[in-house]
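Heads up: the structure comes next, in structure tokens.
The values are calculated or read from the model by the stated rules, or taken from the named source; none is laboratory data. As the structure is a computational prediction, the values presented were derived from the model and not from experiment. Here Cβ is always computed from backbone atoms with ideal geometry, including for glycine, and neighbour counts include all displayed protein chains.
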Amino acid sequence: MTVLSEQVIYMDNNATTRIAPEALDAMMPYLTRFYGNPSSMHTFGGQVGRAINQAREEAANLIGADPSEIVFTSCGTESDSTAILSAIQTNPEKNHLVTTRVEHPAVKNLCDNLEIFTGRKYHVTRLPVASDGTLDLQRFKDSLTDDTAIASVMWANNETGVLFPVEEMARIARERGILFHTDAVQAVGKIPINLKETAIDFLSFSGHKLHAPKGIGVLYVRKGTPYIPFMNGGHQEHGRRGGTENAASIIGLGRACTLAAEMMTEENTRVRALRDKLEHGLLNTIPKSLLNGHPSQRLPNTANISFEYVEGEAILLHMNQVNICASSGSACTSGSLEPSHVLRAMGVPFTAAHGSIRFSLSIYNTEQEVDFVLATLPDIIAKLRALSPFWEDK
Ligand SMILES: *Cc1c(COP(=O)(O)O)cnc(C)c1O
């Protein structure tokens, strides 16, 4: 069965987003007529290089950086790896990392593997979170030692949308002479960011989470920050990342960054209001439903809601039958029955963690779509609970 995108109610934008038509339009000439290598001496290639530099400016503008601080990579994951591996290589005498228990696998698994595959040369402090998903600044401060090479803390959590005070954390790390990286894949384009006013050394983001194509990422490297490339090769990206540039995707990303800046107000007014309507509507009409994550210290587009005594996967399957796309709290660990490490870190009770659904909206969602979900989901949950041995009209 083929499902056309026009028929789909897409509320899974933290997993990936639809490419903006404007971004695709900007890309097309660079997939067809303008195929020159940006490093070539001839004008034909050079014009591609100029378009890439324009995109570099657009990416820099969205996060308040200088274009020279932008390195294009293949994805958010590569940016995360590059920052953390660079920091430990430029600090060979240090053997400690600080991160959180709720990072995306791109950071979490890298840190886990650094411990395991170096025979525990490295040890990692994983900061806990409160039941509302927030982090304690004092605890962060206390975790830093003279051996800490880098602290890596996400700006916004992909599962709950909870925001961390990374600007304060970066300042604290700077005072101790410790590098600070933030995985800002979910934050960039959704909340205003001005890196010039922060002490953040590295910031990662990804094209496909902000209406650019998949397979393109950005690493911000603050001017003067010691840096060792992850991808060695040619002199591309001023020697900071080898490999011929993904020209069309970089150009699409640039356009998407400018659009995101233009849509920032709408994201924080109309999209936020839609999210709130959905969230309040579900919490008010469905018994034993609860919000996961801090009510206000959160991205404007994300609502993670638990429906107790039902399986998230079962809810998703029923939603899928009416073409509503969302994620369950075990999306990143699907295939296993373990609830997500994020909800476990928050201490969400087992009965609630299993029935958690993440709704993540974008500028392309409409009020009609929210109304449809509000009209459909209560029946789905009631039907599933009627079948549940654990649900006896609690
Ligand atoms: C999606 C995501 C990533 C990974 O980005 P890719 O471009 O898919 O590699 C990293 N961190 C967070 C918080 C994400 O949401």
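Worth pointing out:
- Residue identified as closer than 22 Å to Tyr220 by Cα, within 16 Å of the ligand (Cβ to nearest atom), assigned to a helix (DSSP H, G or I) and of a type in the set (D, E, K, R) among Glu58, Glu78: Glu78
- Total residues in segment 185-215 satisfying the condition of being outside any strand (DSSP E or B) and near the ligand (Cβ under 8 Å from one of its atoms): the figure is 7.
- Selection from segment 63-75 of residues that are within 16 Å of the ligand (Cβ to nearest atom) and part of a helix (DSSP H, G or I): Ile63
- Test result for Thr118, more than 16 Å from the ligand (Cβ to nearest atom), β-branched (Val, Ile, Thr) and either touching a helix residue (DSSP H, G or I) at 6+ places or on another chain (Cβ under 7 Å) or modelled with pLDDT of 95 or more (or both): no
- The criterion of at least 3 residues that are modelled with pLDDT of 95 or more and more than 29 Å from Val188 (Cβ to Cβ) is met, among helices (runs of 4 or more DSSP H) falling completely within segment 260-357, by 312-321.
- Being under 24 Å from Gly233 (Cβ atoms), away from the ligand (no atom under 16 Å from the Cβ), outside the structural domain of Val348 (by TED's automatic domain parsing) and touching a strand residue (DSSP E or B) at 6+ places or on another chain (Cβ under 7 Å) is not true of Ala83.
- Each residue in segment 1-26 was checked for being touching a residue at least 60 places away in the same chain (Cβ under 8 Å) and under 27 Å from Gly161 (Cα atoms), and 16 pass.
The rows are residues; the columns are (1) within 18 Å of His208 (Cβ to Cβ); (2) assigned by TED's automatic domain parsing to the domain that holds Asn194.
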{"site": "Asp12", "(1), (2)": "yes, no"}
{"site": "Asp25", "(1), (2)": "yes, yes"}
{"site": "Arg33", "(1), (2)": "no, yes"}
{"site": "Asn37", "(1), (2)": "no, yes"}
{"site": "Thr43", "(1), (2)": "no, yes"}
{"site": "Arg50", "(1), (2)": "no, yes"}
{"site": "Ile63", "(1), (2)": "yes, yes"}
{"site": "Ser68", "(1), (2)": "no, yes"}
{"site": "Val71", "(1), (2)": "yes, yes"}
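- Pick from segment 89-113, criterion farther than 21 Å from Tyr227 by Cβ and touching a residue at least 40 places away in the same chain (Cβ under 8 Å), ranking: farthest from the ligand (Cβ to nearest atom): Arg101
- Selection from segment 156-177 of residues that are part of a loop (DSSP other than H, G, I, E, B), surrounded by fewer than 24 Cβ atoms within 10 Å (Cβ to Cβ) and of a type outside the set (Gly, Ala, Ser): Pro165, Arg176
- The residues listed here are Ala51, Ala65, Ala23; of these, the one that is surrounded by 15 or more Cβ atoms within 10 Å (Cβ to Cβ), touching a helix residue (DSSP H, G or I) at 6+ places or on another chain (Cβ under 6 Å), within 30 Å of Glu369 (Cβ to Cβ) and of a type outside the set (Ser, Thr, Tyr) is Ala23.
- Count of segment 148-192 residues which are acidic (Asp, Glu) and either over 21 Å from Asn109 (Cα atoms) or not assigned by TED's automatic domain parsing to the domain that holds Pro105 (or both): 3
- Pair list, Cβ under 7 Å, 6 or more apart: segment 160-174 residue without any contact (Cβ under 8 Å) to a residue 40 or more places away in the chain, other residue among the small types (Gly, Ala, Ser): Met169/Ala151; Ala170/Ala199; Arg171/Ala199; Ala173/Ala151; Arg174/Ala199
- The residue that is farthest from Ala26 (Cα to Cα), counting only those in segment 238-266 that are of a type in the set (Asp, Glu) and surrounded by fewer than 20 Cβ atoms within 10 Å (Cβ to Cβ), is Glu266.
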